[in-house]
């Protein structure tokens, strides 16, 4: 009986060790991340003597790394190119750190990724045009960084996207027409950039959209008449832009709005039963205090 129990313990232990083992390539990619983001200064560091599955913020399933969650863990330095070798990742949360440098184009190889959270860092440069390859992505939050250049048209290829927040960066140029292809989008934040030109009318196709925040840009022209189709909208902020006509706001069903902010002093419109006593100013800093 004792021998049987001992054998059972050995089998269970061996099985756990096998499950926790990841490939050399994936482990090396993790070590690259640790070194390039000054792991010895992290709040919660990795003990290299432990199995990868025991490392803080790392989840291993089926011998593959499927999640890295290092939210508010004092990461600094750059995201290494080798991040693209973690091809089984579903969640990558590096938010609320002090990461710098550019977002490597190799991140687009993470085609199983569902959540990418890099907000509240010091990342700069252009977003890789290859981001459109990440077709399983549901959530992309990159607000409060120093990204610049145009928002890539390929964003519109991420057809499963539910949340897109690129607020408080230095993006310029037009809002890509392709965003109108994101038929499952529920939240779009482009607040506080240098975006200009007309708002694409096909954003009116985003009928599941609950939050649309375009405030503090250089957007012009008229509010698209297609916005009258945004029946799910609860938060709508377009203040501090350069619109020359707000007339089409009258086409929107503002009855259920929780937040509605535009440059009210400039126009007098006939809204559909909006009760401004029930509206409130949204916190457009988009602070994310919860670890995903």
Meets criteria (modelled with pLDDT of 95 or more, under 17 Å from residue 167 (Cα atoms) and surrounded by fewer than 16 Cβ atoms within 10 Å (Cβ to Cβ)) for residue 126: yes
Collect the residues in the range 165-202 that are under 14 Å from the mean Cα position of the chain (by Cα) and surrounded by fewer than 22 Cβ atoms within 10 Å (Cβ to Cβ), keeping them in residue-number order. 186, 187
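Using the structure shown, decide if residue 26 is assigned to a helix (DSSP H, G or I) and at pLDDT 95 or above.
Working: assigned to a helix (DSSP H, G or I): yes; at pLDDT 95 or above: yes.
Yes: the conditions hold for residue 26.
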Selection from the range 108-153 of residues that are under 19 Å from residue 193 (Cα atoms) and touching a helix residue (DSSP H, G or I) at 6+ places or on another chain (Cβ under 7 Å): 128, 129, 152, 153
Tally, over the range 118-133, of residues that are part of a strand (DSSP E or B) and either at positive phi or without any contact (Cβ under 8 Å) to a residue 24 or more places away in the chain (or both): 1
Condition met for residue 67 (surrounded by fewer than 14 Cβ atoms within 10 Å (Cβ to Cβ), under 15 Å from residue 91 (Cα atoms) and out of contact with any helix residue (DSSP H, G or I) (no Cβ under 8 Å at 6 or more places or on another chain)): no
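The values are calculated or read from the model by the stated rules, or taken from the named source; none is laboratory data. Source: prediction; values computed, not measured. For neighbour counting, all protein chains shown are included, and Cβ atoms are generated from backbone atoms with ideal geometry for every residue, glycine included.
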